[in-house]
Amino acid sequence: MSQDDAKTSDSTRMIRAGHAADQTFKTVGPAIQRGSTVLMPNAASLYDDHLVSYGRGGLTTQAVLTSALCELEGAVGCQLFPSGVASITGPLLAILKAGDRLLISDSAYNPTRRFCDHVLKRYGVDVAYFPPRASPEEIMAIGGPNLTAILMESPGSLTFEITDVPGVATLARERGVITLVDNTWAAGLLFKPLAHGVDISIQALTKYVGGHSDVFMGSACAGTPAMKRKLDDAVSHMGWSVSPDDAYQMLRGLRTLPTRIAKHGESGLVVANWLKARPQVAQVLHPALPDSPDHGLWKRDYKGACGLFSVVLQPAPDDAVNTFLDSLTLFGLGFSWGGFESLATPSGNQLQKRRHHAALAGPVVRIHVGLEDTADLIADLKKGFAAFDRAR
């Protein structure tokens, strides 16, 4: 073979390899499309608002995820945010302005409180809190005549109260008040806020949708075209974006969500019922337990439970609580939840920040029951309680 023939043969192989690399093969998951610059077909399309013209707004992978979340939540539109807390702050910035009044559940996630108390107030938004077990009529009365929006978290963070979300949404809509729900506990699967008249359903996808404690993201799903436009405009104006690789991770988690959350819920109730009988426990805060004051609302509105709840211990000093937690080996000591692993965290000073204090007998420990064997988890808790008794 001549030198020229060899060069021709190499070039042909390279061209053929290039053609193969350009093909998109059908796989179970979508292609991860990375890119900031999007090449448009012609000059006129550069300013066509109906076309994707820049990667920050999301490409193929993000679009598949938002479509799946819309189907899950029954939404007309969905926006993704780089974290769970951003999926709360983003919609609030989208709908509020100076002079508006925002009403928040007093059992809301602590970072939500920080944003509302330190950022929204600085920009002239009037922020107030309502008791999470208040009736819809009481909540609207607390809101007053200037009420613009209501942010609910149900079940509430740490204390797991259930709010009558459908009742609040009905009265709010009659007055033109926007409603939002942090629906992370139900993961968009166990409860459907938009089907009950709520305007925006929020999730920290970091938790159960991700499912493996290794990626951050949040979502806000809109129930009406008007809310969709507000969310779309806010994301465009503020410049939020998520990576295609993280969106792919969330899609992977979403596919196993129903199976995982059913196991979390089943195991959580096994552990919760065992804890109820422990002499070291004053109360178990779990709305799926029949003796919970919120059980009726939970049973009416929810299709099931997840693995997250709290335990009120008998009165004890902080050192005894820390000894209990430090003695655990299967339960990790870490924030967040929704992954395959079990976790336990003390409430710290979060409950002291509330305006409406619940009567609790002792210190509160939040439990997330993961996918481990429940017998092993119970044995771990037994060991912790033995240490707790010695420390008391």
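The values are calculated or read from the model by the stated rules, or taken from the named source; none is laboratory data. Because the structure is a prediction, the values reported are computed rather than measured. All Cβ positions, even for glycine, are placed from backbone atoms using ideal geometry, and neighbour counts span all protein chains on display. SASA here: full protein model, heavy atoms, side chains in, ligands and nucleic acids out. Shrake-Rupley method; radii C 1.70, N 1.55, O 1.52, S 1.80 Å.
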Given a 1.4 angstrom probe, what's the average accessible area per residue across the chain, in square angstrom? 46 Å²
In degrees rounded to 10, the 0-90 angle between helix 244-276 Cα long axis and the longest Cα principal axis of the chain is 20 degrees
Beta bridges per DSSP with both ends in the range 103-259, % antiparallel, nearest 5: 25 percent
Out of the DSSP beta bridges found with both residues in the chain, what percent are antiparallel (nearest 5)? 55 percent
Do any trypsin sites (Lys or Arg not before Pro) in the range 90-167 lie in a loop, going by DSSP, with at most 16 other beta-carbon atoms within 10 Å of their beta carbon, and if so which? K97
Can you give the charge dipole size of the chain about its Cα centre, rounded to the nearest 20 debye, using +1 on the beta carbon of Lys and Arg and -1 on the beta carbon of Asp and Glu? 320 debye
Percent carbon-and-sulfur accessible area, the chain, ignoring ligands, DNA and RNA, probe 1.4 Å: 54 percent
Cross-link partners of K230 among lysines (Cα-Cα below 23 Å; sequence separation of 8 or more within a chain): K97, K121, K192
In degrees, nearest ten, helix 84-95 long axis to first principal axis of the chain (Cα): 80 degrees
Unit charges at the beta carbon, dipole of the chain: most positive-side option, L231, N349, H264: N349
Cα-based helix-to-principal-axis angle, 225-238 vs the chain, degrees rounded to 10: 70 degrees
